[in-house]
Each structure stands twice: as C-alpha cells, then as structure tokens.
Amino acid sequence: MSEIITFSPSASLFGFGALKKLPDELESRGFKRVLIITDPQIARVGILQKVLDLLKGSFDVEVFDGAPTEPHSSDVDKQKQRFGSDFDALLGLGGGSSMDFAKALTIIMTHGGSLGDYLEEGSVPGPVLPVVCVPTTSGTGSQNTQTTVFTIEGVKRGASSEHIRPVVSIVDPELTMGLPPVVTRDSGYDALMHACESFLARPFSQVPERPILYQGSNPFSQGLALEAFRSIWGSYRTAISDGSNREARMGMSLGSHLAGLAFSHSGLGLVHALASSLGGMVDAPHGVCLAACTNIGLSYNLKTCEKKYFTLANYMGGDDGLDSSQTSPQSFLDNMLGLISDLGFPSRPSELGLKTEDAPTLLKNTLVQTRRIKTNPRPLDDELLSYIERGI
Ligand SMILES: [Fe+2]
C-alpha cells in the first residue's frame, strides 16, 4: 500500500469557443507537423473542416479520417506502417474512439510492436509522440485520461500509461451541439458511470501500489467525481431531450471532462469491468453495455458502499447534495435503474443476447479486467457468479 497520492492533471481549456485557442496551444508547444486522427462522421458534419481552417497556413497537417467506432487492436496495428514518425504531435478529434485511436497509435508509432504488447500495466517503456485531444462528445473523457481502450481477442482491454495522457485538450461544448439524442444518451451514460465508479472506488489506502495511476479514491479524485456527478446528473436528461440547450450541453461537457480526470486518478470498478467483457461478447456501444451491467455491479457493491450510495442519492435530489428526502442507499440504485428504464437502455445483458449459461464466460472475461477490478470497492469473491446469473 502507498501513502503517497499522485496528482497528474494535464492542461485543458474548457468553454464555448475554446476551439479557437487550438492554434495557440499547438504553436506554444512547437507542434508544427500534426497528424489528425478522426472519423468519417466528424468529417461529414464539418467539424474536421472547421479545425483544418483554423490550422491552415501555419501548420503542416495530415489527416486520417478512418478511425472506427469501438476500435479493434488490429485496426490500429494496421495503420502503423502508413505513417512515419515524422510528426510533432497527433491530434485526436472526435469521440472516445478517435481519441483512443490516437493514443493507441502513438504507442506503436513510437515504440513499435503491436498493441497487444502493451496490455500489461507499466508496459509502455517511455515517452511517445505527444497527443492533443479535441472531444466532440461528452462521454469517455479520454482527453483527460492515461488510457486507450480497444477490443482484442474478443475482450475490451486497454493500455494505460502516463506517457499517453494528452498533453493538452480543448473541450468546447459547441462541438457537441449537433449530437443526435442516441449518441448523447450512450456517451453520457459512460460519463455518468465514470463519475459514480470513481467516487465509489476502493480507498487509496487499501490499493496496492501499481505502475499506473488507478490508485483508488483519494482527496483529489473525490471532489472531481462528485462535481462531475452533480453536473452530469443535472444536465443529462435535458441534453438528450433538448440537444440545443446550451446549459445542458455545457454541464455534460464539463461533467464528462471532470469525470475523466477523476477516474484517471482513482480507477473504476465492477460495472466497467463487466461492461468491457460484455462489449467484447456482443456488438453494442460502451454506454449501452454499462447500462445493461449497472444492476449487477451496483447491487454487488451496495453493502460495501452504503454511505457513498447515500451521498450520491442526495446529489440526485438537489444541486448541493443536501436533499435529505433521499433516505436510503438503495434509492441511489433505484434512481439509476429508473434512469436506465426511462432512457430506453437495456437493463440486463440478456436484452443484448446473453443467456444464463453465458454467466461463467462473462465472469471469466471480467476477472481479467485487472485495471478495473483492483479498485472495485468490494473485492471480487465467489458470490459474484450468482449476482451475474441472477442479473443476466
Ligand atoms: Fe467508460
């Protein structure tokens, strides 16, 4: 166990209009030759062009607009030869997949090999070509984390290293204004669960020292996670039902950004571990898998986290977290399940095609998610299988 807490935030700019600052941020870091990683949708809706216009004349820019949603490790490995390492920086522009693609690509562009070589904690051997991020959704918070997530051998895994934490991110809620409701819903649930699981994470004093900063909940992550939760819970439903509501979009952008920073210092937990396993078994977005695994994960942890569930329940009721009408830890879980139902999410893995007999496989794939389960508040024990069987 460690008594030392590490704070490792990167620079970021937040607010409507922040995108305009991108050239200054690149310039001040000496990034003249930039490889933009984005996806076809970002190109289609004009955001890529907006960025290219900002950079025109002063930067040497190359664009890869083929980042797939929910990338497989082989998608990234395939691109390694295509680009030399003759860049000053990579710019991840888009949702989590584009940003994660940039973070994954920089590892193998710099250090060679394939992504599968970097699954172990601490296996990125040194600095990489720096990554800059401009998120266009309010979800993953990848612009503020040291992790890239991809599917490998049927399981969602990731590589984590402080070397791949973006050196600067520009978070401009304007870029999220045109997001369709289903994208706002799915990405927003990811952000909400980051805030929850970061807040609920095992205390840092109970987490053995490890080569990545998932050090358990600590004074730095706790404040960020609660503020993220307050911000997301207060804007989520409105951002879905009224995408042009600037206040709701700002709340989601800020909340997802803070939640990313929070969990990158605390780690996450069982809901994410289960959802990552489920995501490797079925074809569904990360946010949808999280929703389907919420009941199993939060029910399993309830007894260990009663006080914290109570705190989150109160934050659901009032802006300041002082709504004492929420009188039980169970009401946090009930409100989360009510939200899942109201938003039309699947509430259990069977709604995504899993059967009860898949429970041992889901468990097996979950137990390899060590980045997540080492910080789950309740250690994983034999009872988990029955929670999964009942919850499927
Ligand atoms: Fe997530």
- Query: Before we move on, is R185 within 16 Å of the ligand (Cβ to nearest atom), of a type in the set (K, R) and not assigned by TED's automatic domain parsing to the domain that holds L48?
  - Reply: yes
- Across the range 28-80, what is the total count of residues that are part of a loop (DSSP other than H, G, I, E, B), of a type in the set (S, T, N, Q) and either without any contact (Cβ under 8 Å) to a residue 60 or more places away in the chain or surrounded by 17 or more Cβ atoms within 10 Å (Cβ to Cβ) (or both)? 2
- Message: Suppose we keep only residues that are touching a residue at least 24 places away in the same chain (Cβ under 8 Å) and polar (S, T, N, Q) within the range 358-392. Which one would you say is surrounded by the most Cβ atoms within 10 Å (Cβ to Cβ)?
- Response: T375
- Message: Condition first: in contact with a helix residue (DSSP H, G or I) (Cβ under 8 Å, 6 or more places away or on another chain) and assigned to a loop (DSSP other than H, G, I, E, B). Now tell me which residues in the range 345-359 satisfy that.
- Response: F345, P346, S347, R348, L354
- Item | Restricting the range 170-228 to residues that are closer than 10 Å to A259 by Cα and among the aliphatic types (A, V, I, L, M), the residue that is surrounded by the fewest Cβ atoms within 10 Å (Cβ to Cβ) | L226
- Message: Quick check on this structure: which one of S221, S187 is farther than 29 Å from G126 by Cα and part of a helix (DSSP H, G or I)?
- Response: S187
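Tell me the residue from D190, D172 that is away from the ligand (no atom under 16 Å from the Cβ), touching a Leu at 6+ places or on another chain (Cβ under 7 Å) and within 21 Å of F14 (Cα to Cα), please.
Exactly one of D190, D172 is away from the ligand (no atom under 16 Å from the Cβ), touching a Leu at 6+ places or on another chain (Cβ under 7 Å) and within 21 Å of F14 (Cα to Cα), namely D172.
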- Message: When you scan the range 333-342, do you find a residue that is touching a residue at least 24 places away in the same chain (Cβ under 8 Å), hydroxyl-bearing (S, T, Y), part of a helix (DSSP H, G or I) and not assigned by TED's automatic domain parsing to the domain that holds G95, even just one?
- Response: no
- Is it true that T106 is touching a helix residue (DSSP H, G or I) at 6+ places or on another chain (Cβ under 9 Å) and not in a loop (DSSP other than H, G, I, E, B)? yes
- Looking at (1) among the small types (G, A, S); (2) in a strand (DSSP E or B); (3) out of contact with any Phe, Trp or Tyr (no Cβ under 6 Å at 6 or more places or on another chain), which is the one condition that is false for A159? (3)
- Residues that are over 21 Å from the mean Cα position of the chain (by Cα) and either under 21 Å from R157 (Cβ atoms) or not assigned by TED's automatic domain parsing to the domain that holds H272 (or both), drawn from the range 363-378: L363, K364
- Could you give every pair whose Cβ atoms fall below 9 Å, whose first residue belongs to the range 276-302 and is free of Cβ contacts under 8 Å to residues at least 12 places away in the same chain and assigned by TED's automatic domain parsing to the domain that holds Y189, and whose second residue is surrounded by 24 or more Cβ atoms within 10 Å (Cβ to Cβ) and not in a helix (DSSP H, G or I), counting only separations of at least 6 or pairs across chains? none
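With under 23 Å from K21 (Cβ atoms), modelled with pLDDT of 90 or more and of a type in the set (A, V, I, L, M, F, W, C) as the only criterion, which of V132, V149, V124, V128 stands out?
After ruling out the rest, the residue left standing is V132.
The values are calculated or read from the model by the stated rules, or taken from the named source; none is laboratory data. On a predicted model such as this, the values are computed, not experimentally measured, just so you know. Here Cβ is always computed from backbone atoms with ideal geometry, including for glycine, and neighbour counts include all displayed protein chains.
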